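Note sheet for the following structure.
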Amino acid sequence: MPYLNTFIFFAAYSVLYKNNPMYRLAQSLVVGVGAGYLLVANINAFNRGVIMNTFVNGNINWAMLLPWILGLAYLCIFIPRLINVYRAVSILTLTVGMGVVLPYGPALFWTVSVGYAQNALNFLSEGLSVSTLGQLLTAVCYALALSYFFFTDYAAKPTTAFRKLGRVVLLVYTAMTITTTALGKINLVQWKVLDTLQGVPATWWIPALMFIVMLIDNFYPLRNLIGKGSEVSS
Amino acid sequence: MNEMAKINWKDTRLIYIMVFGIIYISSLAPIALPVPIVQWSKDFYTTINEGVTVDFNDPPREFGGVEEGTRVFVLNSGETSKLWGDMSEAVTTVWKDLRARGANILLWSSSPDNAATLNKYLLPLMYGINPQNHPDYGVKFVNLGYVAGGNQLLEQWKDDLIAITPYDAYGNSLADMPMMSNFNELKVEADLMIGLDARGLETIYVVRYNTPVLEMGGTDSASYLALSYTAGYFKGMIMGQRGGAEYEILSGIAGKARSYLQNTFTISTIMVIIMIVANVQYVLKKKEEN
């Protein structure tokens, strides 16, 4: 299994070199096995969450009839004449879910704003330090970035300076995000390379072999070894 | 030589070859550089080691740090499966520290792929191939596995976890496990929450119930998770392999993150050198053209 694990990981990245049979094999395997695993994992979750709760010590838990009804109603998607039943439960599930989660957005926005506003003035009580100045700068940047989105049309002219500074803040934030994302992605490959070197059994030779094959292919395309009929587009 | 002359340096295939070349060089011969520890990592360790006060609501909650029997709820609910390569050593080291301190650890995964990642890479390392057979299982550690429901589920668990989810990942009854006897009403019975790239906990637990929350993520999660740290909701953060290295230094627990970080430094150094050389070459070429 470690060999397959390493092969799939590096075969997936080999698409950066070019579309190739190893990549296509890895893609099909990941999609197929992934779909199968998701299906089984969800059946297992349904078993633990619903079936085992419905029949407890030989007694029926009537409250669990609701998920059964909802679940069966979802299956109506396969019966054209009962498609409205599926639509009804979909809408019910979506709206209830949104009703629970939706308030978190404004609540988080509010609590974060209050937190920044309170922390901004910490330098008055705690004195000037890197920490308190950082909190002040964070609050100012937060307000400027928000002004970029909030003040348009009627309020555009008097807030021009704020919005321009807000754009700078957003650009800095974007650059920082891109940099950390790139570093994070390199770390992922790095971790796997070290895993192949330090893991038991060592599987470093698999990506090394791939690397050599691609190096050869770069100078002498390997598709020349097989007929023109099996040519692969790069 | 004639073959070499045909190389097109703008060919993306060469970028692939160069990236792998650089990563292998850095893996075999890393550069050692000092590791400055950022404040959010220090806060993370201080919260575990000494504790923290959370006062969003009255009365404030005093958390005295992780010690024997501290109830720690680990929420494997973000993009752990995608970020594991960047989070692996930090999570492993923190988990080792929690175990060494005697914490009672409850683990929940919000998606099948997150559960599979920890099942493959973390739990066998800590509890063997069959964690449910480990002597600690049910006493110091319980794995809820993948339970669907996301934030709605957390909203329900705050009052009664076992009523909503009576069984663990292996089909065992939670009510029969000693550890769960006082680890059910999460709003008061979770002493500490550690989110693995988790979001939304601020409004569900921190603000309403003063639950201390720590956060662990990948290098690229830091930019948005920092918003909740700077606002005071996360009491500390450990981000990526760098965070893992910082935690190893702070806790004195041996791990691989420091050596991983040296590789990252090496990559960064090589990339910076390449960028400087390429830019100097570009400027010189421009001058020649003019």
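Given the DSSP H assignment, sum -39500 (n - 2.57) over each helix run of at least 4 residues in chain B and divide by its residue total; what's the result at 222 nm in deg cm²/dmol, nearest 500?
Only helices count here, giving -14500 deg cm²/dmol.
Using θ = phi - 60° and the Karplus relation 6.51 cos²θ - 1.76 cosθ + 1.60, list the HN-Hα couplings for the stretch B:160-166 in order, rounded to whole Hz, with x at every Gly or Pro.
Calculated HN-Hα couplings, in order: 7, 6, 5, 5, 7, 10, x Hz.
Please name whichever of B:Leu161, B:Tyr229, B:Leu33 sits farthest to the positive end of the charge dipole of chain B, dipole taken about the Cα centre and charges placed at Cβ: Lys and Arg +1, Asp and Glu -1.
Of B:Leu161, B:Tyr229, B:Leu33, it is B:Leu33.
Dividing the convex hull volume of the Cα atoms of chain A by its residue count, what figure in Å³ per residue is obtained?
Numbers: hull volume 84.2 nm³, N = 234.
Hull volume normalised by residue count: 360 Å³.
Give me the percent relative contact order of chain A, please, defined on Cα pairs under 8 angstrom at least 6 residues apart. Before the final figure, lay out each step's value.
Details: 119 pairs, mean separation 43.9, N = 234.
Computed over chain A, the figure is 19 percent.
Pick from B:Trp40, B:Trp157, B:Trp108: which is most flexible by mean-square fluctuation in a GNM of chain B where alpha carbon atoms under 10 Å apart are linked?
Checking each option, the largest mean-square fluctuation is seen for B:Trp157.
Once phi is turned into θ = phi - 60°, what whole-Hz ³J(HN,Hα) does the Karplus curve with 6.51, -1.76 and 1.60 give for every residue of the stretch B:124-131, x standing for Gly and Pro?
x, 5, 8, 10, x, 5, 10, x
Which value does Rg/Rh take for the stretch B:39-255 over its C-alpha atoms, Rh per Kirkwood? Let's see the in-between values first.
Details: Rg = 15.6 Å, Rh = 16.9 Å.
A ratio of 0.92.
Once amide H atoms are built 1.01 Å from N in the peptide plane, which residues 5 or more positions from B:Ala103, or in another chain, come under 5 Å H to H?
B:Gly69
Taking the convex hull of the alpha carbon atoms in the stretch A:1-81, what volume per residue do you get, in Å³? Display every interim value, and only then the final one.
Working: hull volume 11.9 nm³, N = 81.
Once divided by residue count, the hull of the stretch A:1-81 is 147 Å³.
Over the protein assembly as shown, with the other protein chains present, what is the accessible area per residue in square angstrom, probe 1.4 angstrom?
Numbers: 27470 Å² over 524 residues.
So the protein assembly as shown comes to 52 Å² accessible per residue, rounded to a whole number.
For A:Ala175 and B:Asn49, FRET efficiency with R0 = 45 Å and r from the beta-carbon atoms, rounded to 0.05?
Numbers: r = 35 Å, r/R0 = 0.77.
Approximately 0.85, to the nearest 0.05.
Please report the orientation-averaged projected area of the stretch B:48-166, defined via the convex hull of its C-alpha atoms, in nm².
Numbers: hull surface 32.8 nm².
So the Cα hull casts an average projection of 8.2 nm².
Considering only protein heavy atoms and a 1.4 Å probe, what is the carbon-and-sulfur percentage of the accessible area of chain A? All intermediate terms of the calculation are to be shown ahead of the outcome.
Values: 11380 of 15210 Å².
C and S atoms contribute 75 percent here.
Span-like helices, chain A: DSSP H, alpha-carbon axial extent 24 Å or more, mean Kyte-Doolittle -1.0 or greater, which ones? Walk me through the intermediate numbers first.
Numbers: long enough: A:21-46 (37 Å, 1.05); A:83-101 (27 Å, 1.53); A:130-150 (29 Å, 1.50); A:160-198 (56 Å, 0.62).
Passing helices, by number: A:21-46, A:83-101, A:130-150, A:160-198.
Given R₀ = 56 Å, FRET efficiency for A:Phe55-B:Leu33 by Cβ-Cβ distance, to 0.05? Each step should come with its number before you reach the end.
Numbers: r = 60 Å, r/R0 = 1.08.
The formula returns an efficiency of 0.40 here.
Taking Rh as the Kirkwood radius computed over C-alpha pairs, what is the Stokes-Einstein D of the protein assembly as shown at 25 °C in a medium of viscosity 0.890 mPa s, expressed in µm² per second? Write down the numbers at each step before the final one.
Working: Rh = 26.2 Å.
Answer, rounded: 94 µm²/s.
Ignoring ligands, DNA and RNA and using a 1.4 Å probe, state the total buried accessible area between B and A in Å², rounded to the nearest 100.
Approximately 4900 Å², summed over both chains.
So which residues of the stretch A:124-169 lose at least 50 Å² of accessible area, probe 1.4 Å, when you go from the chain by itself to every protein chain present?
none
Filter chain B for me: DSSP H helices, axial length by Cα at least 20 angstrom, mean Kyte-Doolittle hydropathy not below 1.0. List them by residue number.
On the way: long enough: B:12-28 (24 Å, 1.72); B:80-101 (29 Å, -0.53); B:257-289 (47 Å, 0.41).
Long hydrophobic helices here: B:12-28.
Give, as ranges by residue number, the residues of the stretch A:90-120 whose backbone N falls under 19 Å from the point 7 Å along Cα→Cβ of B:Ile164.
Only A:93-105, A:107-108 pass the distance filter.
Along the positive direction of the dipole of the protein assembly as shown (beta-carbon charges: Lys, Arg +1; Asp, Glu -1; about the Cα centre), which of B:Asn143, B:Leu284, A:Asn122 reaches farthest?
Checked the options; the winner is B:Leu284.
Of the heavy-atom accessible surface of the stretch B:39-255 (probe 1.4 angstrom), what whole percent is carbon and sulfur? Walk me through the numbers before you get to the answer.
On the way: 3430 of 7040 Å².
Looking at the stretch B:39-255 in its full context, I get 49 percent from C and S.
Which FRET efficiency, nearest 0.05, do B:His134 and A:Arg167 yield, Cβ-Cβ r, R0 51 Å?
The computed FRET efficiency comes out at 0.40.
Could you sort the residues of the stretch A:37-52 by number and keep only those whose accessible area is reduced by 50 Å² or more in the all-protein-chain setting relative to the chain alone, 1.4 Å probe?
Residues of the stretch A:37-52 that lose at least 50 Å² of accessible area once the other chains are added: A:Tyr37, A:Arg48, A:Met52.
Counting helices only, and only those DSSP H runs with n ≥ 4, report the 222 nm mean residue ellipticity of chain A as the sum of -39,500 (n - 2.57) divided by its residues, in deg cm²/dmol to the nearest 500.
So the helix-based figure for chain A works out to -24000 deg cm²/dmol.
The values are calculated or read from the model by the stated rules, or taken from the named source; none is laboratory data. Worth saying up front: this structure is predicted, and the values here are computed from it rather than measured. As a convention, Cβ positions derive from the backbone with ideal geometry for all residues, glycine included, and neighbour counts pool all protein chains shown. Accessible surface areas use protein heavy atoms only, side chains included; no ligands, DNA or RNA. Shrake-Rupley method; radii C 1.70, N 1.55, O 1.52, S 1.80 Å.
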